[in-house]
Amino acid sequence: MRRRAERLRERRLAAPAFSPDDDPATLYEELQIHHIELQLQNEELLATQREVERSRDRYRRLYDEAPVGYLTLAPDTTILAANLTAAGLLGLEHGALVGTPLSRRMDPSSADLLHAHLQHVIRDGEPHTCELGVLRADGKQAWMRLESVPDSEDDDAHPGRPVCRTAFSDVSQRRELQAHLQRAEQIEIIGRLASGVAHEFNNLLMAMLGCASSALLELDEQTRAAQLLRDLKAEAIRGATLTRQLLALGRFGDDACAVVDVNAIVAQNARILRHTLPEDIGLSFQLSAKEGRVWAQQGQIEQVLANLVLNARDAVSEGGRVKVQTAELALDEAEAQSLGLTAGVYVTITVADTGLGMDEETKVRLFEPFFTTKAVGEGTGLGMSTVYRVVQQLGGQIEVESELGVGTTVRVLLPLTSRPLASPTEGSQAPGRGDETVLVVEDEGLVRQTVRNYLSRWGYGVLEAEDGEQALELIRARPDIDLVLTDMVLPRSSGTDLVAAAVGLRPQLRVLFMSAHPKVKLVRERRLSPEAPALQKPFTEDTLLAKVREVLGNGSGPTQSPPAGELVLLIEDDDLALDAMELLLDDEGYQVLAARDGAQALAIASEHGEAIDVVVTDLGLPNTSPRELLEGLQTLARPRAIVILSGRSCADPEVLELLALTTTRSTFLEKPIEIEQLVAAIQQLLASP
């Protein structure tokens, strides 16, 4: 513009000056030209101004609405400038943030870290990154990541003043996920460790229980020695409980999930729980849940309940109170989302105490494995971590409220299931006497002696072997052997190897396995078939006698029978998964009919009808809803068993609803699965009465 004006001026100077004799029309024309030029110049200026304003607005929007907060900090942490995102992250209005020190917003534990961060950037002139705890305007703590670079002010008021330009982002959720992952990894490691030592440790406990039980029979119950032996038995049982807790952390449950009644479980355990508390501590129960049905193992609910009550007991002093309550809670979308759950109805188990309460540090670490506030030797630190793992497995959540000097309330939420309770079965009778001959195969001498004493006291003839070779010699020499009771782990062989050889010699021989590991783990690892009878060590005399009588009484055979060519309808829309499962089921001896969608599956069911023994189906299939598919299959084929596959959790409301629709034996497997899991599930369903 300047150059254009200079050129115009030069032209005007070079032009001859006007004289009075000049033509007025010429002068008027020249003035009009100048006027037009000025208008053009003004329009260009206005256009430029508008573009500058648009650019400024775009920059301001980009700055204020950026996905991260931006701060300009003085060396004393004063906030010289901030965008709207930064204010929102701290829960403040923009005007309430600028001009205040950022240190005022820091969690006390992070104040020194903030000053050190600014020194790195401003004094040393280097970029620096850190994560700090801040307190939002609502009082809640959040974790923020600060990424800063050095700069200097260019305004007239403070030219050259050093400042810190900072990008500011909320990493609370990421840190929480990392903490969950770390906790899960810790628990997984503990579970693997427990699984590795369970065999030896449970053998020791088995020997302790057996020796104590046998010695008690020789003593007067009123003697001091008898009381000491009863104490020894109690400690051995406590050790077994600890081992089961460790195995539970490793995700090895004892039983399959079923529909259980939380109210009934609490009522059944009320007397035992009362005995765990001193007489000067009150324990009350309020069973308010109208429908307390959840999809779980009964042992899991008992474990959660016992650990919560014991934790409360240890926090309560003389004259305190512990209250156990069940209820139902309906969560809408917002409430459920805040707890990391899905909307629906939940059964709650609440344990409240009037004890010491917890500070924030203890609350944060409450579910860490091995964390305890008790003195050395007084606690394992596994109780609450076990509760956490069980509740997570069941698709639930835990809420904790605590105040120092007032007490603690722990509320467990578990999804309510619409499936009916299993029909009650007749309780097992008290163990009776027997006259059969049992071969006990166990390499640990004290365990072998314990089992022999248990059996011989009730009339059984007992033979003993330390390993598979001795056992086979006895089986060849003694045709009167009715039952082989063998450990799974033997010197130079395994219990299953022994059984295979024994069956070759005596096809009708009955077998009962013993193992330090839960049966479900052995089945999952394909070391044992689902229908094979097994006992987990350590077991009591009554448990052993009842199982022996069951095996001898119902003719449970020793063999892990292969499938008898059952017809399986396999429904899966993923070609690779379908081909893999079809091939492996075929290798296992099953006949397989494959379908890639619901319509094809229903057509096959219509053609083959009740010849189909098992249906294995994915949930996410094209053309047909899961509900329509299940109803159609059960109408057309009436299968003996149904296995539902899905990437969802077993506690998902839709999964529970579909399981409730099944009119035959059914189970659910969460993807991804191993083929061994599928085979074991099919075998278990087909073997069920």
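The values are calculated or read from the model by the stated rules, or taken from the named source; none is laboratory data. For clarity, every value in this text was computed on a predicted model and none was experimentally measured. Every residue, glycine among them, receives a Cβ derived from its backbone with ideal geometry; neighbour counts consider all protein chains shown.
State all residues of region 111-161 that are surrounded by 15 or more Cβ atoms within 10 Å (Cβ to Cβ), of a type in the set (Gly, Ala, Ser) and touching an Asp or Glu at 6+ places or on another chain (Cβ under 8 Å); if no residue qualifies, say none.
Gly133, Ala142
Just checking, how many residues over region 280-322 are in contact (Cβ under 8 Å) with a residue 60 or more places away in the chain and of a type in the set (Lys, Arg)?
1
Can you find a residue that is outside any helix (DSSP H, G or I), at pLDDT below 85 and touching a Phe, Trp or Tyr at 6+ places or on another chain (Cβ under 7 Å) anywhere in region 359-368? Full working, then the answer.
Quick first cut of region 359-368, residues outside any helix (DSSP H, G or I) only: 359, 365-368.
Still in the running and at pLDDT below 85: 359, 365-368.
Right, trim to touching a Phe, Trp or Tyr at 6+ places or on another chain (Cβ under 7 Å) and you get 365, 367.
Yes.
Among the residues of region 70-85 satisfying the criterion of being in contact with a helix residue (DSSP H, G or I) (Cβ under 7 Å, 6 or more places away or on another chain) and under 23 Å from Arg123 (Cβ atoms), which is surrounded by the fewest Cβ atoms within 10 Å (Cβ to Cβ)?
Once the filter is applied, the top-ranked residue is Pro75.
Quick check on this structure: which one of Val316, Val347, Val351, Val324 is modelled with pLDDT of 90 or more, buried (at least 18 other Cβ atoms within 10 Å of the Cβ), more than 14 Å from Val400 (Cα to Cα) and more than 19 Å from the chain's Cα centre (by Cα)? Give the derivation first.
Details: Val316 fails: modelled with pLDDT of 90 or more; Val347 fails: more than 19 Å from the chain's Cα centre (by Cα); Val351 fails: more than 14 Å from Val400 (Cα to Cα).
Of Val316, Val347, Val351, Val324, the one residue that is modelled with pLDDT of 90 or more, buried (at least 18 other Cβ atoms within 10 Å of the Cβ), more than 14 Å from Val400 (Cα to Cα) and more than 19 Å from the chain's Cα centre (by Cα) is Val324.
Being of a type in the set (Ser, Thr, Tyr) and in a strand (DSSP E or B) is the filter; apply it to region 598-651 and report the residue that is modelled with the highest pLDDT. Full working, then the answer.
Step one: filter region 598-651 for residues of a type in the set (Ser, Thr, Tyr), giving 606, 617, 624-625, 635, 646, 649.
Now narrow it down to the ones that are in a strand (DSSP E or B): 617, 646.
Values: Thr617: 87, Ser646: 78.
Top of the filtered list is Thr617.
Kindly evaluate Val134 against the criterion of being over 26 Å from Arg58 (Cβ atoms), outside any strand (DSSP E or B) and in contact (Cβ under 8 Å) with a residue 12 or more places away in the chain. Write out each step before concluding.
Values: over 26 Å from Arg58 (Cβ atoms): yes; outside any strand (DSSP E or B): no; in contact (Cβ under 8 Å) with a residue 12 or more places away in the chain: yes.
For Val134, the condition - over 26 Å from Arg58 (Cβ atoms), outside any strand (DSSP E or B) and in contact (Cβ under 8 Å) with a residue 12 or more places away in the chain - is not met.
Residues in region 405-425 that are β-branched (Val, Ile, Thr) and modelled with pLDDT under 75: how many?
Qualifying residue count for the region: 1.
In this structure, is Gln429 at pLDDT below 90 and more than 40 Å from the chain's Cα centre (by Cα)? Spell out the reasoning first.
Values: at pLDDT below 90: yes; more than 40 Å from the chain's Cα centre (by Cα): no.
No; evaluated as a whole, the condition is false for this residue.
Condition first: under 60 Å from the mean Cα position of the chain (by Cα) and exposed (fewer than 13 other Cβ atoms within 10 Å of the Cβ). Can you find one or more residues in region 42-49 that meet it? Talk me through it step by step, then tell me what you get.
Quick first cut of region 42-49, residues under 60 Å from the mean Cα position of the chain (by Cα) only: 49.
Then drop every residue that is not exposed (fewer than 13 other Cβ atoms within 10 Å of the Cβ), which leaves 49.
Yes, the conditions are met somewhere in region 42-49.
Tell me, which helices (runs of 4 or more DSSP H) wholly within region 58-122 include 2 or more residues that are more than 22 Å from Arg161 (Cβ to Cβ) and outside the structural domain of Ala137 (by TED's automatic domain parsing)?
Numbers: elements: 84-89, 94-97, 111-118.
Counting at least 2 such residues, we get no helices (runs of 4 or more DSSP H) at all.
Here is a list of conditions, (1) out of contact with any Ser or Thr (no Cβ under 9 Å at 6 or more places or on another chain); (2) over 16 Å from Ala81 (Cβ atoms), and Met144 meets all of them except one; can you say which number that is?
(1)
Given the conditions (1) more than 26 Å from Glu361 (Cβ to Cβ); (2) touching a Gly at 6+ places or on another chain (Cβ under 9 Å); (3) hydrophobic (A, V, I, L, M, F, W, C), which single one is not true for Leu73?
So the condition that Leu73 fails would be (2).
Among (1) under 11 Å from Leu439 (Cα atoms); (2) among the basic types (Lys, Arg); (3) crowded, with 19+ Cβ neighbours inside 10 Å, there is one condition Arg549 misses while meeting the rest; what is its number?
(1)
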